[in-house]
1. Determine the share of region 62-124's accessible area contributed by carbon and sulfur atoms, expressed in whole percent, with a 1.4 angstrom probe.
2. Karplus couplings for region 236-241 from phi (6.51 cos²θ - 1.76 cosθ + 1.60, θ = phi - 60°), rounded to Hz, Gly and Pro as x?
3. At 15 angstrom or more along the helix axis (alpha-carbon based) and mean Kyte-Doolittle of 1.6 or higher, what helices does the chain contain? Whole DSSP H runs only.
4. Figure the gain on full extension for E108 and T64 (residue separation times 0.36 nm, minus the Cα-Cα span) and round it to one decimal in nm.
5. To the nearest 20 debye, what is the magnitude of the charge dipole of the chain about its Cα centre, counting +1 on the Cβ of each Lys and Arg and -1 on the Cβ of each Asp and Glu?
6. Stretch A294-I235 to full length: gain in nm at 0.36 nm per residue minus the Cα-Cα span?
7. Between beta-carbons, use under 15 Å as the cut-off and find the net charge around V257, counting Lys and Arg +1, Asp and Glu -1.
8. With θ set to phi - 60° and the Karplus curve 6.51 cos²θ - 1.76 cosθ + 1.60, what are the ³J(HN,Hα) couplings of region 128-133 in order, to the nearest whole Hz, using x for Gly and Pro?
Amino acid sequence: MMFSRAPRLGAGLATAVSLIVVQASPALAFDPSGNAVADAFLTLLDSEDGTVQSYASVEETGNTVTIKDLLITNEDKDNVKVTIGSTALTDGVVQDNGRLKLGNLGLEKLKLTADDGGMTLESLSVSDLLLPSADEAKDGNSPVNPGYRVLEINAVQISDEDGKVADVDKIYSSIDSMDGDLPTSGQFAITGAKIDVKQLEAKEATSLTELGYETLNFSVSGSGKWDPDAATLAIPELKIDAENAASLSLSLSLGGVTRDVVTQLNDKTKKPEEAMALVQNVSIENAKIRLDDASLTGRILDQEAKKAGVETPVFVSGLTGSLPMMLGMLQNKELEAQVAKAVTDYLTTPGSLEITAAPGTPVPVSQIMGTAMLAPQMIPQILSVAITANQ
């Protein structure tokens, strides 16, 4: 994302995840424990992208199998090494097709290291987990994705080769209801995320430092509900909240989201052009984007005014004075006046800025795309766009 080393970090973290569910190698590097559940799990870990080098012990207590001091390596990808202090497999069942079903998977004291950085987490818990068999995962085209009910990760630290980049207190995700194999409602939250500005790319770090930020503290949350019978998808709120900066939230309601569309979209994840064709008949029922300022706007205006060599009120007056000329492209006098007033109010006294789309009838994506190509100035009208400030 914003990190200068994000691609390398991303590759390292992706490798860590892949060590859980990727292709299994027919020749095992570890000595089987004799416990069917533990060995099924270890076989899945021991893959072409990862090798189970060792574990200290496998113990079974009641309905829980515990693997101690697990070590997984991958010398082909930045010398990746993963250690897990304790791996608890609860209510494990190896199904006839080789898939592993767990009432709960619990990891404690996980540490990933690589040439370009690493990651640690205090604990991870996943309930109602279904993992593909080793044979299914081998070719990377498993008919079953790892499914779960609740995922919770605590105390994450991410670093690059120069030191710690970010902390995350908690990551939570849940699938609250299902329609067959398809999730119909769920929610997620990332709380207590903290990024060290000094570890960002030089240009970005300089800009943020000039705005007075040494760290970025933020949280992300969202929820969604899909009604397959009504073919509607509702996202009540997707929110990014940055402390002492701003919060941005999105709500959205869509129609035409049928079982067939969702099923085919799942199959087209690696074919974006075909996926785009599938959403042509999906329609927008309503949408809202809201920005709530918490000092970021004022900091930016002060910085730009300083660069221009004028006082901030003078700079803001110049911006708002040029709005009528810039808004002429809308070719809608009523909307132009509405936007000009809202933006002027917001820049003069930063509070909130809200854009809504509430068409009288749902508007198909195909119509929006066609309008964007032939007459883009008409999009605000067909979507009944409105904008308000400080409300």
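The values are calculated or read from the model by the stated rules, or taken from the named source; none is laboratory data. All figures in this text were calculated on a predicted structure; none of them were measured in a lab. Cβ sites come from the backbone with ideal geometry, for glycine too, and all protein chains shown count toward neighbours. All accessible areas refer to the heavy atoms of the entire protein, side chains included, with ligands and DNA or RNA removed. Shrake-Rupley method; radii C 1.70, N 1.55, O 1.52, S 1.80 Å.
1. Numbers: 1280 of 2880 Å².
Ligands and nucleic acids excluded, carbon and sulfur give 44 percent.
2. x, 6, 10, 10, 10, 10
3. Working: long enough: 6-21 (22 Å, 1.44); 296-308 (18 Å, -0.63); 333-348 (22 Å, -0.19).
Span-like helices, by this rule, are absent here.
4. On the way: separation 44, 0.36 × 44 = 15.84 nm, distance 1.46 nm.
Fully extending the segment from E108 to T64 adds 14.4 nm.
5. Details: 29 positive and 54 negative charges, 202 e Å.
So the dipole magnitude of the chain works out to roughly 980 debye.
6. Details: separation 59, 0.36 × 59 = 21.24 nm, distance 2.42 nm.
Extra length from A294 to I235 when fully extended: 18.8 nm.
7. On the way: positive: K225, R259, K268; negative: D179, D227, D229, D260, E285.
Here the count lands on -2.
8. 6, 8, 10, 10, x, 6
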